[in-house]
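Just below is one structure, and these are the notes that go with it.
Coordinate-derived values only; no laboratory data. Worth saying up front: this structure is predicted, and the values here are computed from it rather than measured. Using ideal geometry, Cβ is built from the backbone for each residue, glycine included, and neighbour counts are taken over all protein chains shown.
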Amino acid sequence: MSKTGKPKICICLTGKTIEENIRILERYRPIVDYVELRADCLEPSERFYIRSFPEKAQLPCILTIRRKQDGGNFEDGEGVRLVLFAKALSFPKPDAKANYAFVDLEDDFRIPVIEEACHTFGTRIIRSHYFHNGIPENFDAAYEQIAQEDDEVPKLVVNPQSSAEFIRFLKWVIRAPRREHLLIAAGAYGIVSRLLAWRFGSMWTYASPLHSGMEIAASGHFDPLDLRNIYNFDLVNEGTELYSLIGQHSILSSLSPYLHNKAFREMGKNALLVPTPVDSFADGLEILELLGGKGAAITVPFKEDVLPFLAFHSTDVKRIGACNTLVRRGDAWAGYNTDADGFERSLLEFLGKQDLSGSRATIIGAGGAAKSIALALFRKGARCLVLNRTYRAGRDLARKYNFLYSHLDDRANDLISEYSDIIVQATSVGMREELDPISFYEFKGSEAVFDLIYHPSKTLLLKRAEEAGCRVLNGYKMLCYQAAGQYKLWMDEPPPDIYAQLEQPQFS
Ligand code: ATR
């Protein structure tokens, strides 16, 4: 957290020309605090104008000329880089805003004349070191190497290749010296270090103007607008209570942070949900505990892995055999499942019904999500057919509720026809590729078809069903309603209407 209030954002500009960079900066000016010119991305002819950038930007500027070996685009030699730095720092102006506020110099680039110019004319040196593959053996030694000068800003960038590596970094960051610095874990495993940079004493979070079509400056960057609008950078502070979304890398496209953080904002809750991509549930829980988190949303594929870690299991967790919500109770974790209720509410609303007795439904899948669907359909009185690729899993789920079951292939065609008032797609098929798990089935047009996937917003199955005249629904509303249930558990109060009102955003 910076000393002067809200977390700071540094926008990284990777445009080919100074003009392009300034044009994009204008769109973000009200919400960013610093601007980094990645001069290594400029066309060679534009490099002659880097001295003019701070005056045009009118924000504290950081000059970076990132070498190829450090993940940048600069391919010329160190002599050329030296001349460029010298050019950028030359002819300092009395108005400090017209000079670079910072210059990013790597640990192995120690050039006395450049350092002297910086000290004399008030440009602070960011002393950076990049571990591009993985993390250092000894963080203390790596940090000491870049933190020798009190007036410099040490910047350590690591690139964890697993959640276990990120945890090692996080443990060190939590006890790192308290001074102005930048401690960053790149890539998907490191995004907590970007979203919570303010929590770890980093002076700012680097961000890329992705929504403006500019190339991402480094892996793991968010767009500044998302930091402001989804991660509430204008509201969070030292007292903010943290919640995690624990899942695999696919959670990076989840809308849960968008929904919950909008609800927290609307209700004036000093709380934040951050996505935590991990390799195992145990790693996700360890990160949550290291952050002092109050709760978590659990998603694919950890809804069953979480069970042994629970001190309390709600009735739905016991019945479904899966948990999607953690709530801290003292030193222990209580587990709940809001999926069945979320599905039930969205399905009944979609069908305009209160009850499903007399309806026949097909459930495709027998994993964690399908288990919640089966419970909800059973409770509402529907008679169901379970289809699954792995016969055994389908059979085990169906037997619990006295449902029919079959293999997920064309042999099930006639059965689907019989159980076709409602068809619920609850596998992951269609999420990453245009695939349809029941491509062998021809829709009659009378089926109500529900695909739990909401990203993409219309899977091939839904497109096909819609073309045949069926009513179709994706999983967005279910996501909203199960999230509303999570809010109620975390905050111990009724969820705001926003969960029912927010339309599926364009970016999803
Ligand atoms: P979730 O929590 O999203 O339900 P899960 O518990 O891993 O995740 O379950 C995934 C479901 O998708 C299972 O029904 C799985 O079928 P299997 O039991 O045969 O594994 C189904 N699934 C995943 N990939 C599939 C594929 N390519 N074809 C058919 N079914 C698939």
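Could you please find all residues in region 279-333 being of a type in the set (Val, Ile, Thr), closer than 21 Å to Lys488 by Cα, more than 16 Å from the ligand (Cβ to nearest atom) and in a helix (DSSP H, G or I)?
Selection gives Thr315 alone.
Please note which helices (runs of 4 or more DSSP H) are completely contained in region 1-112 and include at least 2 residues that are within 19 Å of Ile126 (Cβ to Cβ). Write out each step before concluding.
Working: elements: 18-28, 53-57, 78-89.
Of the helices (runs of 4 or more DSSP H) lying wholly inside region 1-112, those with at least 2 residues that are within 19 Å of Ile126 (Cβ to Cβ) span 53-57, 78-89.
Can you find even one residue in region 434-441 that is away from the ligand (no atom under 12 Å from the Cβ), among the hydroxyl-bearing types (Ser, Thr, Tyr) and touching a residue at least 12 places away in the same chain (Cβ under 8 Å)?
yes
Check Gly430, Gly469, Gly485, Gly445 and return the single one that is touching a Pro at 6+ places or on another chain (Cβ under 9 Å) and free of Cβ contacts under 8 Å to residues at least 40 places away in the same chain. Before you say what the answer is, go through the steps one by one.
Values: Gly469 fails: touching a Pro at 6+ places or on another chain (Cβ under 9 Å); Gly485 fails: free of Cβ contacts under 8 Å to residues at least 40 places away in the same chain; Gly445 fails: touching a Pro at 6+ places or on another chain (Cβ under 9 Å).
That would be Gly430, the only listed residue that is touching a Pro at 6+ places or on another chain (Cβ under 9 Å) and free of Cβ contacts under 8 Å to residues at least 40 places away in the same chain.
Does region 461-471 contain at least one residue that is within 13 Å of Leu387 (Cβ to Cβ) and in contact with a helix residue (DSSP H, G or I) (Cβ under 9 Å, 6 or more places away or on another chain)?
No, every residue in region 461-471 fails to be within 13 Å of Leu387 (Cβ to Cβ) and in contact with a helix residue (DSSP H, G or I) (Cβ under 9 Å, 6 or more places away or on another chain).
Return the residues of region 390-407 that are part of a helix (DSSP H, G or I) and of a type outside the set (D, E, K, R); say none if nothing qualifies.
Of everything in region 390-407, those that are part of a helix (DSSP H, G or I) and of a type outside the set (D, E, K, R) turn out to be Tyr391, Ala393, Gly394, Leu397, Ala398, Tyr401.
Residues are listed down the side, and each one gets a yes or a no for (1) within 13 Å of the ligand (Cβ to nearest atom); (2) within 30 Å of Ala263 (Cβ to Cβ); (3) under 22 Å from the mean Cα position of the chain (by Cα):
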{"residue": "Asp410", "(1), (2), (3)": "no, no, no"}
{"residue": "Ala426", "(1), (2), (3)": "yes, yes, no"}
{"residue": "Met478", "(1), (2), (3)": "yes, yes, yes"}
{"residue": "Ile498", "(1), (2), (3)": "no, yes, yes"}
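How many residues, within region 442-456, are charged (D, E, K, R) and either in contact with a strand residue (DSSP E or B) (Cβ under 8 Å, 6 or more places away or on another chain) or within 16 Å of the ligand (Cβ to nearest atom) (or both)?
Summing the residues that are charged (D, E, K, R) and either in contact with a strand residue (DSSP E or B) (Cβ under 8 Å, 6 or more places away or on another chain) or within 16 Å of the ligand (Cβ to nearest atom) (or both) in region 442-456 gives 2.
Which number in (1) near the ligand (Cβ under 9 Å from one of its atoms); (2) among the basic types (Lys, Arg); (3) outside any helix (DSSP H, G or I) marks the one condition that Lys353 misses?
Lys353 satisfies all of (1) near the ligand (Cβ under 9 Å from one of its atoms); (2) among the basic types (Lys, Arg); (3) outside any helix (DSSP H, G or I) except (1).
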